[in-house]
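The structure appears below as structure tokens.
The values are calculated or read from the model by the stated rules, or taken from the named source; none is laboratory data. Computed from a predicted structure; not experimentally measured. A quick note on method: Cβ atoms are made from the backbone with ideal geometry, for glycine too, and the neighbour counts reach across all protein chains shown.
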Amino acid sequence: MVQDEVVGIDATHSHLWCQVKHGKPEMKVDDENRLRHLNWPEGKTSLYLGDICDALLRCFGAHEPPILTSPPGFDQQTWKMVTNDSLLRIEITSRSYWGFGLFDSSFLNELVIEGPLENRARLIFDLAATLGRNPWEPTFGLMWKRATGTNSNGHREAWEGLIQYAREEMNEEAQKYKDKLTTQTKRLDEFEEMDYENWQRGDAEKALEEASGHIDIALAALHDKNAAGFERALARAEASMIEADPTTEITRTIFQEADDLLLDDSLELEDEDLQEHILVHEELPDEVDRITPDEVATKTSDVSADDLLGDIKDESDESIPFIDLTDSEE
């Protein structure tokens, strides 16, 4: 791969550039060159992560702390790091391309992403949605082209190609839910003839109607580039369809079952269990000899330590026999 080549949709990797707008947050680098939070107790140096890399690591999900392959020196915003999970590997380079690095916007981030295309496209989709701006649009166009070797149109096509690929993948996923919903609606007559226990057609139709609404919400979230909202809406749609399907043996949610347990009608109790039982205990006698604290002090005032240890002392003296060792020494 040519170093200054912009690559969007590709079978193995993507190579993109991003315009940094803000240098913060500040982070630490530990003794093993791993990126840590600023509050990390041990750190040999610090760096400025920048808004692009900060958003990228948040979108990346669960992963080990990134490793700095080129830690920052005098300029804390110039560095190179690598992070990866089970599917993707990302190499991120931060460097200035104009203004001698005196401003936050003087820096760019170069991304080399390796892994499955659908995962790369989804990561770029989430990154662009999180930033709320086009990360390929530079602050200084002439220097940007010189630093990256590609004009603005080339960068835009690479980014938008990945974003569009991810959008189509998610739209196809939503269409699968729609097809499943249509199939399940057509089977309602079949389910009713089978006379499944604890299954009511009216409840199933209501659940499928809710599933249809959740799918519409997912498509609206996709239009707004809200990937998290898209996934949550599809998850709710799937739960509603499972509830409407008697073959899954899940016709009621755990919350509905919990409500049933709180109803008196759901508790089967015998009349004998509801009878009132009175436990009778023996009463204390009216006259009880009680000793007040003052009387306790009076009764124990004549007791000394020798009296308490006397028996122990006598016992210990009698238990140890006297042995004369003078004869044995001679």
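Among the listed residues 179, 126, which satisfies the condition of being out of contact with any strand residue (DSSP E or B) (no Cβ under 6 Å at 6 or more places or on another chain) and either outside the structural domain of residue 69 (by TED's automatic domain parsing) or without any contact (Cβ under 8 Å) to a residue 24 or more places away in the chain (or both)? Steps first, answer last, please.
Numbers: 126 fails: either outside the structural domain of residue 69 (by TED's automatic domain parsing) or without any contact (Cβ under 8 Å) to a residue 24 or more places away in the chain (or both).
Answer to the check: 179.
Residue by residue through region 10-25, note down the ones that are closer than 14 Å to residue 96 by Cβ and outside any loop (DSSP other than H, G, I, E, B).
Selection gives 17, 18, 19.
Can you give me the ranges of the strands (runs of 3 or more DSSP E) entirely in region 54-106 with at least 2 residues that are touching a His at 6+ places or on another chain (Cβ under 8 Å)?
On the way: elements: 67-70, 79-84, 89-96.
Because the criterion is at least 2 residues that are touching a His at 6+ places or on another chain (Cβ under 8 Å), the strands (runs of 3 or more DSSP E) in region 54-106 that meet it are 79-84.
Which members of region 159-178 meet the condition of being small (Gly, Ala, Ser) and within 16 Å of residue 116 (Cα to Cα)?
Let us first name the residues in region 159-178 that are small (Gly, Ala, Ser), namely 161, 166, 174.
Selection gives 161, 166.
Only residues that are more than 30 Å from residue 226 (Cβ to Cβ), among the hydrophobic types (A, V, I, L, M, F, W, C) and either surrounded by fewer than 19 Cβ atoms within 10 Å (Cβ to Cβ) or not assigned by TED's automatic domain parsing to the domain that holds residue 125 (or both): list them for region 29-74, please.
Within region 29-74, the subset more than 30 Å from residue 226 (Cβ to Cβ) is 29-34, 36, 39-47, 67-74.
Keeping just the survivors that are among the hydrophobic types (A, V, I, L, M, F, W, C) gives 29, 40, 47, 67-68, 74.
Listed by number, the residues that qualify are 40, 67, 74.
Would you say residue 161 is in a helix (DSSP H, G or I), over 30 Å from residue 76 (Cβ atoms) and modelled with pLDDT of 95 or more?
On the way: in a helix (DSSP H, G or I): yes; over 30 Å from residue 76 (Cβ atoms): yes; modelled with pLDDT of 95 or more: yes.
Taking the combined requirement at face value, the residue satisfies it.
For region 118-154, give me each residue that is surrounded by fewer than 20 Cβ atoms within 10 Å (Cβ to Cβ) and within 24 Å of the chain's Cα centre (by Cα).
Residues of region 118-154 surrounded by fewer than 20 Cβ atoms within 10 Å (Cβ to Cβ): 118-119, 129-134, 137, 139-143, 145-147, 149-154.
118, 119, 129, 130, 131, 132, listed by residue number.
Can you find a residue in region 193-201 that is part of a helix (DSSP H, G or I) and either more than 13 Å from residue 244 (Cβ to Cβ) or outside the structural domain of residue 234 (by TED's automatic domain parsing) (or both)? It would help to see each step written out before you state the result.
Initial filter on region 193-201 (part of a helix (DSSP H, G or I)): 193-194, 201.
Checking the rest, the ones that are also either more than 13 Å from residue 244 (Cβ to Cβ) or outside the structural domain of residue 234 (by TED's automatic domain parsing) (or both) come to 193-194.
For region 193-201, residues part of a helix (DSSP H, G or I) and either more than 13 Å from residue 244 (Cβ to Cβ) or outside the structural domain of residue 234 (by TED's automatic domain parsing) (or both): present.
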